[in-house]
Amino acid sequence: MSNYRIHKTEYIDETKRVSFKYDGKTYFGYEGDTLASALLANGIHLVGRSFKYHRPRGIVSCGAEEPNAICQIGSKKDLTEPNVRATELELYEGLEASSQNCWPNVKFDIGGINNFISPLIPAGFYYKTFMWPKSFWKKVYEPLIRLSAGLGKSPTEPDPDIYDHKHVHYDVLIIGGGVSGIIAAKMSAKNNLKTLLVDDKKILGGSTIYQNNESIKIDDKLSSQWLKNEIQEIKKLSNLTIKTRTSIAAYHGYNFLLAKENLTDHLPEEKKKNNIRQRLWKIRAKKVVIATGSIERPLVFNNNDRPGILLSNSIKKYLDYYGVTCGENIILFTNNDSAYETSISLHKKGIKNIIIDLRKSTSSELIKQAESLGIKIYFNHVVTNTFGYRKINSLEIMELSEDGNTTVGNKIKLSCDCLGMSGGWTPMVHMHTQSGGKLDFRDDDQVFLPKENSEDQISVGSCNGDFDLENIIDKTVNKINKFLDIDNQDYQDTNILCSKEKDKRNIWLLPNKIPLGKTKCFIDFQNDSTAKDIKLALKEGFRSIEHVKRYTTTGMATDQGKLSNMHALGIIADTASVKMGTLGTTTFRPPFTPLTFGTLVGRNVGKFFEVVRKTSMHEWHVENNAEFENVGQWKRPWYYPKNAENMHDAVQRESKAARDSAGILDASTLGKIDIQGSDASEFLNRVYTNAWSKLAIGKCRYGIMLNEDGMVYDDGVTTRISENHYLMTTTTGGAANVLSKLEDYLQTEWPELDVYLTSVTDHYSTASICGPNSKKILNKLFPTLDLSDENFPHMSFKEVKLENINCRIMRISFTGEQSYEINIESKYGHALWKMCIEAGKEFNLTPYGTETMHLLRAEKGFIIVGQDTDGTMTPSDLQMDWIVSKKKFDFIGKRSLYRSDTVREDRKQLVGLLTDDPKEILEEGAQIVSDIKSKPIDMLGHVTSSYFSPNLNKSIALAVVRSGKTMKGQKLIIPMENKNINVTVSDTIFFDKENKRLNA
Amino acid sequence: MFLINCPFCGERDQSEFSSGGEAHVVRPKQPTELSDDEWAEYLFMRKNIKGIQFERWNHVHGCRKWFNVVRDTSNDKILSVYKMGEKPPVNYK
Ligand SMILES: [Zn+2]
């Protein structure tokens, strides 16, 4: 048989043929198929190799729990996507998919050799083997692991797709559109609640939508027909939003949930283009109804992993929904009634099948129906082995002993081309536990259930452990009425016919005559962990489920153990003879299914990745070839290379020009805080270490701000503009934090102070002109301003007009030169800058960037907070005792300055360093020692700032060194990778110690 | 992701706020009179309770006001919100 599509269904449109490529070969399917159903229709089961042993693996399921059918989509460098589940991927024209984790190809896989040496690769193999020798890691183990651990390939170029985020608020969110979800949605929306229903599939209805068994009926209709009518009805409800192809990825506190909506993944290539691919919904819901259903459990027996072995209910879905049979000669192996539904469906479509049932006997209507159809049933039997390499071709069964612990009698060999297994059902409690809910264990059918339902979250349907239809509908209706505090009567008279027995015979690890050590009973198909591995972990002393999980890697693959976790727990409980309920579960972490990075990031890519702040002079800097440096969010000119200069040459030229004639810096990014109020002076007294009350109007003062722990936090110059009005400047990077800190003290500690703070950083642009010719340039710009040192001395401020625009000029200096900072409203910043450049032309006014600024201030020994300090430096450590007022009663951090630790003499202190070879430039961050022979070497400190000074024609550096204050003149060593550099401790001020140039 | 009821603006997403740690840690009026131990107690020691905790929050991307919050840290439920300077609710001690 080459076409396994044996009948028409309403979900497959046979008029729309779709061609696709799988592993390079072209196949055909129909609109409505998933990749998995289309492959099965073509008779393809083998879709990959297992992770560790490289065993051939086939499609196991039809949904999110799929461990094997994981594929790589597309081959373009920017659009290829790994780890896509073929069971969830809707087929589209032009789809290219390939199997993962097999090289050179799925049919001949070199790694398959691991299968034959598998006794050598037990649990913890990776931990045990790749430990030593250490030198093997880089060259042998890592490349080897990387080569064989082929969980797909990530794209190597940026994702061109568009992703979107959307924030929504609802009264009620319902997760899952099966029977119980639809009932809940109808009840909620009809009672005037704004309701959102999401389902990860293309259409609503869960597994009931294709239920065609005559013995399961609602109001005398097939349950599928009844549900279709319900769906038609809810689609008319105006306050209900239905989102299909939308899966909840995470359930956070306060009913905040993330959902991923697939918008174009199912469309052909040409329709994907320029459309939003996926949308992340950020949902706030007052109440959440979880109706996520349950998934079927596999059974754990020898060689239970061959291609052609699927979950029984998945065989049913492929048949009833997609019209595809998974084989022609099918055996179903079960411990409960649900496999009989599959059996009857298969029989009706003419597919021969027999049933192996672990139970001794059972008498539900379903089984009577199967028996009357002549379906052969082996009660009290167990599958002990399977055969066939690339696909199952036969299996062996044996009778179970009375207690179910061993097998008895003779092996019976049965041929087949497909095996369905059903180990019962596992409620999907992921959402409940992600929301913080706890679980209870129900011993009857060995399931974990939501323990309590809170007032804003509830689980209904089979995710709540209600498996038969009658129970599902009755309980859902009752619980929803209570949960939403409504009285809906719509389902009062619903008549439900359903005759499934709950009876189940649960055996986690099925017995076998062959010793466990010689079997391959897989638990986690994707990570290849077996029952033997779990038992080995227990033998080696692991007890906690979280430890066993990590040691054996059970449940750690991309499917997150949806099929395997329960069996691992069951086998641990059986082996350790403890009650399964007492073991607890591993943590259910988001996302429920993998999310693309694109979805998480949304539109925040490229230039929207981060906020960029530009000064009003920015365009001039760009036009004049500036290289930029990021300082916080600001783009600051770093240096302005001329004629192919490198950075060093540009900085040397700029630094020399600033001291020889004139330089200009864009200082607009410095933080500026406007401080007003009758207590402004008192406020400054409390936040700075020095005294402010006596600062005259029109004068400027430098201040240092500490944290309460006494460590330097920020610095800057503050100007007294009028009696109760100051303008504070902060460091560029510290502006926002300083404002927050000041607001904190004002609002919480000193609410009695009459002070108002306003951030005005963006309101003013600043051009800072320095150098011996700065006065002449200022004179050209402001001819009426008296620039004499008497009228406009250092550390003072004037308000002047430039043409008719107000400017504030501060005569302050960070370079040691005469220096004027001209502040103007930002909209005039660009014009001001151009006027300065024009006026400075005859004086070689040279624009300089942050690097030159740093060099010039280092020549003067001025600190940069955050470069020469690191949150552990007091003013005294910086040799700046002069800035700490002895008279003031209190200021932030004062008390900490005489804690026993802060008064230690051997703290790290700021010093200057001069290299013995004046051409040698130290590396910032380099360690400083005095004795390189002692071991371990005693580290004394490190270099914080280092430059070659063109004005001194030698290398200079600032450093923090233990007891540095007492070490002036002492020789120290900077050990580098290939040499030791000799240095001498010096003053921190290297240039113009007498400050002659400020008033020259 | 909490929803926080700013006493000045109303309910807003947690991402608009920043947390300022334990509430009602009062800065000593005369720090100079404290011993190193007493100052360290104010400076470094915080309770970090599992259960009901009084905290400071700042509506930093909103009105920029500081206020107090009573939160059960074991389940993140916010039980009460009140302005700076107001008396803490007594029923949560
Ligand atoms: Zn607010």
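The table that follows gives values for the structure above.
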| item | result |
| --- | --- |
| Zero-based 10 Å bins, Cα pair distances in the range A:515-593, whole percents | 20, 56, 22, 2 |
| Linear extension gain, A:Glu923 paired with A:Leu79, 0.36 nm per residue minus alpha-carbon span | 299.6 nm |
| By average C-beta atoms within 10 angstrom, highest first, the peptides A:569-581, A:275-287, A:246-258, A:318-330 | A:318-330, A:246-258, A:275-287, A:569-581 |
| Residue-by-residue Karplus 3J(HN,Hα) for the range A:159-175, coefficients 6.51, -1.76, 1.60, Hz, glycine and proline x | 6, x, 6, 9, 10, 9, 10, 9, 9, 9, 10, 9, 6, 9, 10, 10, 9 |
| Descending semi-axes in Å of the range A:165-315, equivalent ellipsoid built from Cα gyration tensor | 28, 23, 17 |
| Residues of the range A:319-347 with amide N under 15 Å of the 7 Å Cα→Cβ point at A:Glu14 | A:319-325 |
| Size of the B/A contact, given as accessible area buried on both chains, probe 1.4 Å, in Å² | 2300 Å² |
| Extension reserve of the A:Thr966-A:Leu753 stretch, reckoned as 0.36 nm per residue once the Cα distance is removed | 72.4 nm |
| Spatial separation of Cα centroids for the range A:358-420 and the range A:886-951, in angstrom | 79 Å |
| Loop trypsin sites (Lys or Arg not before Pro), the range A:591-627, which have at most 15 other Cβ atoms in a 10 Å radius of their Cβ (DSSP) | A:Arg603 |
| Orphan Cys of chain B, criterion: no other Cys C-beta under 4.7 Å | B:Cys63 |
| Probe 1.4 Å - accessible area at A:Asp164, Å² to nearest ten | 30 Å² |
| The protein assembly as shown: C-alpha pair distances exceeding 47 Å, % | 49 percent |
| Scaled radius of gyration (Cα, divided by 2.2 N^0.38 Å) that the range A:861-999 gives | 1.13 |
| For chain B, fraction of C-alpha pairs farther apart than 24 Å, in % | 27 percent |
| Packing-based ranking, highest mean first, of A:862-868, A:489-495 given that Cβ atoms within 10 Å are counted | A:862-868, A:489-495 |
| Chain A - share of DSSP beta bridges that are antiparallel (%, nearest 5) | 75 percent |
| Near-label residues of the range A:498-527 by backbone N, under 16 Å of a point 7 Å along Cα→Cβ of A:Lys368 | A:498-502 |
| Estimated [θ] at 222 nm from DSSP helical runs (n ≥ 4, -39500 (n - 2.57)) normalised by residues in the protein assembly as shown, nearest 500 | -5500 deg cm²/dmol |
| The protein assembly as shown - percent of accessible surface contributed by carbon and sulfur, probe 1.4 Å | 51 percent |
| Kirkwood hydrodynamic radius over Cα pairs of the range A:675-832, then Stokes diffusion coefficient at 37 °C and 0.692 mPa s, in µm²/s | 198 µm²/s |
| Under 5 Å, built H, 5+ apart or other chain: amide partners of A:Val760 | A:Lys672, A:Ile673, A:Asp674 |
| Distance between the range A:702-749 and the range B:62-92 - C-alpha centres, whole angstrom | 28 Å |
| Average beta-carbon neighbours from other chains, 10 Å sphere, peptide B:8-17 | 1 |
| Computed over the range A:536-656, Kirkwood Rh from alpha-carbon pairs, angstrom | 20.2 Å |
| R0 of 45 Å, Cβ-Cβ distance B:Asp72-A:Asp487: FRET efficiency to nearest 0.05 | 0.85 |
| Estimated FRET transfer efficiency when R0 is 35 angstrom, pair A:Asp901-B:Lys83 (beta carbons, to 0.05) | 0.40 |
| Shielding of B:22-33 by partner chains, average beta-carbon count, 10 Å | 3 |
| GNM flexibility winner over chain B from B:Trp39, B:Trp66, B:Trp57 (Cα, springs under 10 Å) | B:Trp39 |
| Spin-label model distance (nm) - A:Glu790 vs A:Phe609, 7 Å beyond Cα toward Cβ | 5.9 nm |
| Average beta carbon contacts from partner chains per residue of A:77-87, 10 Å cutoff | 0 |
| Computed accessible area, A:Thr784, all protein chains, 1.4 angstrom probe, square angstrom | 130 Å² |
| C-alpha center-to-center spacing [the range A:32-52, the range A:182-251] in angstrom | 29 Å |
| Radius ratio Rg over Rh of the range A:295-443, counting only Cα atoms, Kirkwood formula for Rh | 1.00 |
| Paramagnetic reach from A:Asp474 in the range A:199-236 [backbone N under 16 Å; point 7 Å along Cα→Cβ] | A:217-219 |
| Formal net charge of residues neighbouring B:Asp36 (Cβ-Cβ distance under 13 Å; K, R +1; D, E -1) | -3 |
| Förster radius 30 Å - calculated FRET efficiency between A:Val601 and A:Glu270 (Cβ-Cβ, nearest 0.05) | 0.75 |
| Fraction in percent of alpha-carbon pairs per bin - 10 Å, the range A:379-494 | 11, 27, 22, 20, 15, 5, 0 |
| Karplus (6.51, -1.76, 1.60) ³J(HN,Hα), θ = phi - 60°, over the range A:445-452, in Hz, Gly and Pro reported as x | 10, 6, 10, 8, 10, x, 6, 10 |
| Volume per residue of the C-alpha convex hull in the range A:425-493, rounded to whole Å³ | 82 Å³ |
| DSSP-loop trypsin sites (Lys or Arg not before Pro) across the range B:28-63, with at most 12 other Cβ within 10 angstrom | B:Lys29, B:Arg46, B:Lys47, B:Lys50 |
| For the range A:804-935: span of alpha carbons on each principal axis (Å, largest first) | 64, 48, 22 |
| Protein-only accessible surface order, largest first, of A:Ile234, A:Ile412 at 1.4 Å | A:Ile412, A:Ile234 |
| Net charge over other residues, Cβ less than 12 angstrom from the Cβ of A:Arg279 (K, R count +1; D, E count -1) | +3 |
| Extended-chain gain in nm, criterion 0.36 nm per residue less alpha-carbon gap, A:Lys411 and A:Glu682 | 88.0 nm |
| Net charge contributed by nearby residues that have their C-beta within less than 13 Å of A:Ala926 (K/R +1, D/E -1) | -3 |
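The values are calculated or read from the model by the stated rules, or taken from the named source; none is laboratory data. Here the structure is a predicted model, which is why all the values come from computation and not from measurement. Neighbour counts are summed over all protein chains in view; Cβ atoms, including those assigned to glycine, are modelled from backbone coordinates with ideal geometry. In case anyone asks, the SASA skips ligands and DNA or RNA and just uses the protein heavy atoms, side chains included. Shrake-Rupley method; radii C 1.70, N 1.55, O 1.52, S 1.80 Å.
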